[in-house]
1. Suppose R0 equals 35 Å; then what is the FRET efficiency for Lys326 and Ser153 from their Cβ-Cβ distance, rounded to the nearest 0.05?
2. How large is ³J(HN,Hα), in whole Hz, for each residue of region 18-29 in order, when computed from phi with the Karplus curve 6.51 cos²θ - 1.76 cosθ + 1.60 and θ = phi - 60°, using x for Gly and Pro?
3. Given a Förster radius of 25 Å and the C-beta distance between Asp190 and Asp112 as r, what FRET efficiency does 1/(1 + (r/R0)^6) yield to the nearest 0.05?
4. Determine the distance separating the Cα centre of region 1-38 from the Cα centre of region 192-270; give it in Å without decimals.
5. Can you tally the net charge around Pro117? Count Lys and Arg as +1, Asp and Glu as -1, for every other residue whose Cβ sits under 14 Å from the Cβ of Pro117.
6. Considering only Pro232, Gln3, Pro189, whose Cα is most displaced toward the positive end of the charge dipole of the chain, charges sitting on Cβ of Lys, Arg (+1) and Asp, Glu (-1)?
7. With the crude spin-label approximation of a point 7 Å out along Cα→Cβ, what separation in nm comes out for Gln82 versus Lys4?
8. Report, in listed order, any pair from Lys64/Lys163; Lys64/Lys298; Lys139/Lys231; Lys28/Lys237; Lys131/Lys227; Lys4/Lys326 with a Cα-Cα distance greater than 24 Å.
Amino acid sequence: MIQKIDKKAVQDAVQMAYDRCKNETGGKNADYIPYLADVPSNLFGIAACLPDGDVVAVGDTDYKFGIESVSKVPTAILAMNQYGGQEVLGKIGADATGLPFNSIMAILLENDHPSTPLVNAGAISACSMIKPVGDSDGKWKAIVSFIADLAGSDVAVIDELYKSETATNFNNKSIAWLLKNYNRIYDDPDMALDIYTRQCSIGVTARQLATMAATIANSGVNPVTGKAVFKPELTPKIASMMATVGFYEHTGDWLFTTGLPAKTGVGGGIMGVVPGVMGVAAFAPPLDGAGNSVKAQKALAFIAGHLNLNVFGTTRCVMAGKEPVKA
Ligand SMILES: NC(=O)CC[C@H](N)C(=O)O
C-alpha cells in the first residue's frame with residue numbers, strides 16, 4: 001500500500017515527538033570521555049530533511065555536538081566509494097557483534113575480520129583503509145570533506161572534545177594494535193586511531209545529521225545542495241549496515257520496534273534513514289546503557305510509527321509533492 005505524506009504531516013509528527021519526549025528524564029551523559037559529561041543534559045532537538053531539501057526542525061537543532069559513532073557511517077560509505085562494497089565486506093565485514101561498541105572480545109571472536117565498520121574495531125579499520133594510505137593529512141581531508149558534502153555545510157573538530165578523547169582512549173589503542181596483530185588494519189595503527197578519534201570529535205547539528213541521512217536516502221545526492229556525493233548503489237549497503245548494528249546490542253529491539261535503519265553516537269545524536277523518502281535525526285545527551293540517546297530514540301521511534309516509516313512494512317511511504325533532488 002502507498003501512503004502519501006506531505007511536509008505538514010512531517011512537521012506535525014516532529015512537533016508531537018518533541019512535545020511527548022522533552023520531559024523524559026532517563027539516561028545519563030557519557031562520562032568516559034570527560035568533555036561529554038559536561039554537555040548540558042537538557043538539550044533536545046529533532047530534524048527531518050525531505051527529498052526536495054526542505055528541513056523541518058524543532059528544539060536545539062543548531063547546537064553543535066560531538067558526532068561520535070554516527071561518524072562511522074560516512075567513513076564506511078567513503079571506504080566503499082573508494083574500494084567498492086565487496087572489498088570492504090572482505091576486509092571488514094557487515095556482521096553485528098551483539099556486543100558493546102568498544103568490545104575487545106568481539107575482535108577475538110571474529111578472528112577472520114573485525115565484523116562491521118559501525119563498531120569501534122571496524123571503524124578504526126575503515127579509517128586505516130581510507131585513501132591516500134600512509135598520508136594522515138590526505139586521509140583527514142578526504143574524511144572531513146566527505147562528511148561536509150553529506151551534511152551540506154562545513155564541519156570542524158571540537159578541539160576540547162578531541163583533546164579529551166585522545167587523553168582517555170586507552171581501550172581504542174588496544175583495539176588498534178590488536179587489529180594489527182590480526183592483520184586487519186591497513187595503515188599505521190596509531191595514525192588510523194588518531195584519524196578515528198578526530199572524526200568522532202567533529203561537531204555537528206541535528207539539522208546536519210538529518211541532511212546526511214537524507215543524502216543516504218536519496219541515493220547519494222544531497223537534496224539540499226544537489227551534489228552527487230557517493231555512488232547510488234551504496235545506499236542499500238550502508239542502510240543495511242545501519243539496520244544490522246546501528247544501536248549495538250540493542251539493534252534488534254530497535255529494529256523490531258521501529259523498522260528504521262539508524263546509527264547512534266555517545267554525543268547524543270541519532271541519524272535515521274528512510275530509503276527513497278527522507279532523513280531524520282534527533283539529539284539529546286543522556287544515554288542508555290548501550291550508549292544510545294534515550295530521548296532521541298523515543299522521539300525517532302514515535303515519528304517512525306506515526307508516519308509509517310517502517311522499511312519492513314507493507315505500507316510504502318512517499319512524500320507528496322516533493323520530487324527528489326537529482327544531481
Ligand atoms: N558509540 C560511540 O559513539 C563511541 C564513540 C567514541 N569515540 C568511542 O570510540 O568510544
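What follows draws every value from the coordinates through simple rules; no lab data is involved. Remember, it's a predicted structure, so these values are computed and weren't measured experimentally. Note that we place each Cβ from the backbone using ideal geometry, even for glycine, and neighbour counts take in every protein chain shown.
1. Between Lys326 and Ser153 the formula returns 0.95.
2. 4, 5, 6, 9, 4, 9, 4, 10, x, x, 8, 4
3. Calculated transfer efficiency: 0.55.
4. 16
5. Net local charge, Pro117 excluded: +2.
6. Toward the positive end, the furthest listed residue is Gln3.
7. 4.4
8. Lys28/Lys237
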